[in-house]
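Asker: Sharing a structure, written as structure tokens. Questions coming.
No lab work stands behind these numbers, since they all come straight from the coordinates. Keep in mind it's a predicted model, so treat the numbers as computed, not measured. Note that each Cβ is placed from the backbone with ideal geometry, even for glycine, and that neighbours are counted across all protein chains shown.
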Amino acid sequence: MNVALLGFGVVGRGVYDLTLDRSDINIKYVVCLEDVTLPGVTVTRDYQQILNDETVDTVVEAMGGLHPAWDFVKAAIEAGKNVVTSNKAMAATFYDELLPLVQGKKVLFRCTAAVGGGIGWLSELGRVRRCETVLSVGGIMNGTCNYILDNMTRQGLDYDVALKQAQSLGYAEANPSTDVDGIDTWHKIILSSNVAFGVSLDKQSVPVCGIRNIQAADVAEFTKRGYTCKLISTGKRTENGFSAYVQPTLCKAEELEAHIPMNFNLITFEGASAGRQSLYGQGAGRYPTAYNVVQDLCDLLAGNGFYAPCTGTVAAKNDGLLRFYVRGASDAWLQSVTAESWGSGVVTGPVAVDEIHAWLKNHPDCFMAAIR
Ligand code: HSE
């Protein structure tokens, strides 16, 4: 297999390292902006060179972001090349275009490393859905947020200190807003829900709230009351269709999610026959993520692409009711739904997820967490 590797950052470099000694995977090109010299590899900024080289059968996209990643991937597929990507933003955003293109061009495509870093979640979910009605997917999908929340909870660290540590360990995205504002998790639950339910969720219908505004005093209040705060993603079938959202969530001690340490992820599906199953592992970092890219390349060598049918775009409806902890605002709506006080915050009675997320858009300095 002759591979063109797009991007030589955290993941791209990891893929290069993990394939160095393999005779079946040859990195022929690296496309990147960095000035690197790699023995036996053509390092180039000219993507057309890859499209023109018929000996390149596979493109590994590890650039991240929407453009030019999607333009390169689309051109590769149109040129008849197989694609492996770790790019959740691209896969979630162009899902309804990507799958028919892959099928029409009869190429192989895989994106296991896009959700869960080193966990084989999407590969497993692709298997699950072959013979199972998936009722729900979700859990802890962002290593950076889990690292920050875990260190705030166990070591009493301030938010800024914990974030800097996560960045220095290579867990965080180049722009940490992508992690702490929940955008990374948002793309991951959209992609996971799409695979699980055979649809393409309208991104704008999936509300997201991150952990940027959490303070040590919030965490202390949660600990006192027996809760652990985690950034939890949810995608589920409902009577109305589908519901999907991302929000900080207070987990009880008896829930697995409450005990997930460091940068680990815990991703769970519930199937009509199989019941609940969870996958746990390193959700971020160079080698865990690169490992799943290499696993995908091994699957391509065996002729196994990933394809989940998609019946079309649907909007999520989040009218399920939950209680929420809110700190940092006091207006008529919040007062009208407040049931009790918790430290410097309040706890609402049951409120629709869509309703509180719409309210939060006008209160960007608030911290909010759902209570399970
Ligand atoms: N920044 C991501 C995380 C990397 O922290 O989980 C994996 O997508």
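Asker: Dividing the Cα convex hull volume of segment 121-371 by residue count, how many Å³ per residue is that?
Answerer: 126 Å³
Asker: So what does the Cα-only Debye profile of segment 285-368 read at q = 0.12, 0.14, 0.16, 0.22 Å⁻¹, as log10 I(q)/I(0), no solvent term?
Answerer: -0.62, -0.66, -0.70, -0.99
Asker: On a full-extension model of 0.36 nm per residue, what is the gain between SER177 and GLN49, subtracting their alpha-carbon distance, rounded to one decimal in nm?
Answerer: Going from the current span to full extension adds 42.7 nm.
Asker: State, to one decimal in nm, how far the label point of ARG225 lies from the label point of ALA274, with both points 7 Å from Cα in the Cβ direction.
Answerer: 3.5 nm
Asker: Further question: Arranged from highest to lowest average of other beta-carbon atoms within 10 Å per residue, in what order do the peptides 194-203, 159-168, 284-293, 109-118 appear?
Answerer: 109-118, 284-293, 194-203, 159-168
Asker: Once you charge only the Cβ atoms, +1 for Lys and Arg and -1 for Asp and Glu, what is the size of the charge dipole of the chain about its Cα centre, to the nearest 20 debye?
Answerer: Value, rounded to 20: 580 debye.
Asker: If you take the Cα atoms of segment 268-329, find Rg, then find the Kirkwood Rh from the mean of 1/r over all pairs, what is Rg/Rh?
Answerer: 1.12
Asker: Using a 7 Å offset from the Cα along the Cα-to-Cβ direction at both GLN155 and VAL314, what is the distance between the two label points in nm, to one decimal?
Answerer: Each label point is offset 7 Å from its Cα along the Cβ direction, giving 4.3 nm.
Asker: Taking every DSSP beta bridge with both residues inside the chain, roughly what % is antiparallel (nearest 5)?
Answerer: Roughly 65 percent of the beta bridges in the chain run antiparallel, per DSSP.
Asker: Okay, next question. Can you list the residues, at least 5 places off or on another chain, whose amide H is less than 5 Å from the amide H of CYS251, using H built in the peptide plane?
Answerer: It is THR228, CYS229, LYS230, by chain and number.
Asker: Ignoring everything except DSSP H segments at least 4 long, calculate the 222 nm mean residue ellipticity for the chain; use -39,500 (n - 2.57) per segment, divide by total residues, nearest 500.
Answerer: -10500 deg cm²/dmol
Asker: Separate question: Kirkwood Rh over Cα pairs of segment 2-110 into Stokes-Einstein at 4 °C, 1.567 mPa s: D in µm²/s?
Answerer: Diffusion coefficient, whole number: 93 µm²/s.
Asker: Residue by residue, what Karplus-based ³J(HN,Hα) values in Hz, rounded to whole numbers, does segment 268-273 have, using 6.51, -1.76 and 1.60 with θ = phi - 60° and x for Gly and Pro?
Answerer: 10, 10, 10, x, 4, 9
Asker: Calculate the spin-label point distance for ASP331 paired with LEU66, positioning each point 7 Å from the Cα along the beta-carbon direction, and give it in nanometres.
Answerer: 2.7 nm
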